[in-house]
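The values are calculated or read from the model by the stated rules, or taken from the named source; none is laboratory data. All values derive from a computational prediction rather than experimental measurement. When we count neighbours, we look across all protein chains shown, and the Cβ atoms used for this are built from the backbone with ideal geometry, even at glycine. Surface accessibility is based on the protein's heavy atoms, side chains included, excluding ligands, DNA and RNA. Shrake-Rupley method; radii C 1.70, N 1.55, O 1.52, S 1.80 Å.
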Amino acid sequence: MQRARLLTTLAGLAVAAFVLGGCGISAQTVGPVAEPSATVRPLLVQTIYTAVDFVGRHGVLAGYEQTLAGGPTTATQTVETVPRTSEILRTSDGGRTWQRTSLGNWQVSAVVMVTAKVGYLTAMGLDGGYAVLRTADGGRSWRRVMRPPFQPTVVGVFGPANLLVLSGGRLWSTADGGRTWHSLRPGIPGITAADFSSPLTGYAVAGTSILATEDGGVHWQRRYSLPQALVLQLGPATGATIDVPSGGRGWASFTLSACWPGGCPNVVLHQGLGGGWRIVSGEDAGPLGGVTASEDRFPGGALSLWATGPESAVWNGAGGLWQTADGGATWQEIGAPKAHQPSPPFVAVSGVRPGDIWAVGQDQWGGYLLHDTETGWEQVRPEPFPVSAVDFVTHQVGYGIGLSWNPHAIVGTRDGGRSWTMLSLAGSGLPIALDFLSPDHGYLVTAGAGGSLFETSDGGRTWQTVATFASPAAALTFRSGMEGAVLLETGPGWPLQFVLRETADGGATWNAGSIPRTLQDALATPTPVAVTSASAILPSPVDGYFLALVGGDPELWQLRAGSWSALSVPPGEASRGNGPEQYQGGSMSEGPAGDLWLALQPAWTGAPVRIMRRQSGEWRTYDLPLPLRLNLPAGSQAISAFGPGDAVLLTNLGPLETKDGGQSWQRP
């Protein structure tokens, strides 16, 4: 896209674990504008995931959106109590691609996939009612097969059509996929958890006791009760879970009510080969003769517990995931993902074999989905978007670099950024910047020991090498298929050094370009000021801009008629050294009407992202609300201007667009 070139900066930020919903964001005005927007309450939308289940590479993820309201620089937001329409995301390739289905006004509490095609979910409606829904096509469509009066829990699955549900103390069974149900009220009250290994054999928890049945719940026998002294000291049970596979060896856990600031006491029990239940959790035997969970080891309520073998189990407590292979004598935490240290509580877990676990959680940024593989935890984005660079050619057509699981991916959109498709993989070297002149014709540079320039004529599907450089590339810009420039890092050493290379014959030959003299002088001083990043927009050898972060401050130069001159940025930005508004990264883009956009990422995480737009010689400056951050891995393009007042910004919440010069931003 001519004169709309975003070129890179060098900054490193972790990608956040959630995707922005479709709600507008109003930027706080901090500079002179025609109509200040200080009274507008910014809104963010978080995607919250509530349930997940996988059968092999086929999976279903359920979630909904909730609105966050708060000031533009307030990290703690206010949550709107009414969730939006729930959605089902489904995958058939192990989470690499996802398809979306709207579920309407149902908030899902659990998903149980029996096969790759057949599954069930339990949900609560916005009107307070409950339901069990069934899919026979892998999650594409769902139909309600049950509407019980109380919260339902699936406690037994014996085939695609055979299901057992616990609701309001009653057991409900179906043998025809939910068309007809048979109700049974057990002879004991207060069942809070149950697990059936067959239509006849099952276990249940009532109060602080474990019960068993051999006739489908008609009659029950008490098999175990927590010691009375333990209950008197730590209170009655407020929650329980039980899992007993065929053979009678299994696991159960109780959460007791005597909570402390670090969590609530938990008691985990195991029924082993010799029969009989025994307490196995915790470290302190104490005078009660039982074992209570210690605050530092099991600091919260037990959410889920799975038997993975006769003597092995996986337990999802508020401290993370734990596993045992010796009947509960010892427990080890399953390695916490780096993006979520320490391990937070997981809302839902699927696939309890270590090395193939899917976990859904929630933190201050919203919901996230993690996959524990043989090589460690991976973060999965059900709604992929580019994470390193973005360049829009028109309102609808854009290109980007990187996906959360593959930084070499080249992606494209044809619907204004609402969805992205992987087009190709870059060859040797890490793709660092791209520049498209039309929906089909574009260029790409890579970093590494040396940089390479590639060209595409089919919309990013295939790439041909144009040139190779001795130094890593940091940015590029092309005015036409013949005229272009590449910014290279040179050195070695610190601070960074930069050179420009320009071509007028499509990359066949390259000549040295000019860099602002004041920047060269700063780098040449005996104690040079650190230059953390630099980028340039040079549509021609005599026309363009150069941006550098020198000592954390943005310094901007303009090239006109082959001569560089410094441009002042809005006052109040400079605080060289350790000022609170020192920046660690930024990006620049020029729109087709000549308006210049800067996007700056503060070094202090509590400071807002700053957007500056220069039009007709005047600056307008806006701050974006937290927790928005720029996506600025090394060599990123975080902003792309493509129309009068129109731009796309790449953030930790995904791409955002503005159509009013930066005053408000929303998901494409």
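Tell me the carbon and sulfur percent of the accessible area for the range 395-480, rounded to whole percent, probe radius 1.4 Å.
Roughly 53 percent of what the probe reaches on the range 395-480 is carbon or sulfur.
Given N residues in the range 135-291, what is its alpha carbon radius of gyration divided by 2.2 N^0.38 Å?
That ratio works out to 1.15.
Work through the residues other than Leu628 whose Cβ is under 14 Å from its Cβ and net out their charges, Lys, Arg +1 and Asp, Glu -1.
Spelling it out: positives minus negatives among the neighbours equals +1.
Rolling a 1.4 angstrom probe over the protein chains, ignoring ligands and nucleic acids, what is the accessible area of Val55 in square angstrom, nearest 10?
Per-residue accessible area (Val55): approximately 50 Å².
Summarise the accessible area of the range 168-250 (1.4 Å probe, protein heavy atoms) by the percent that is carbon and sulfur.
Reported share for carbon and sulfur atoms: 53 percent.
Compare Ser452, Ser102 by solvent-accessible area with a 1.4 Å probe and give them largest first, with all protein chains kept in place.
Ser102, Ser452
Work from the charge dipole of the range 384-492 (Cβ charges, +1 for Lys and Arg, -1 for Asp and Glu, about the Cα centre) and give the residue of Gly429, Met482, Val466 farthest towards its positive end.
Most positive-ward Cα: Gly429.
Largest first, what is the accessible-area ranking of His441, His270, His219 with a 1.4 Å probe?
Putting His441, His270, His219 in descending order of accessible area: His219, His441, His270.
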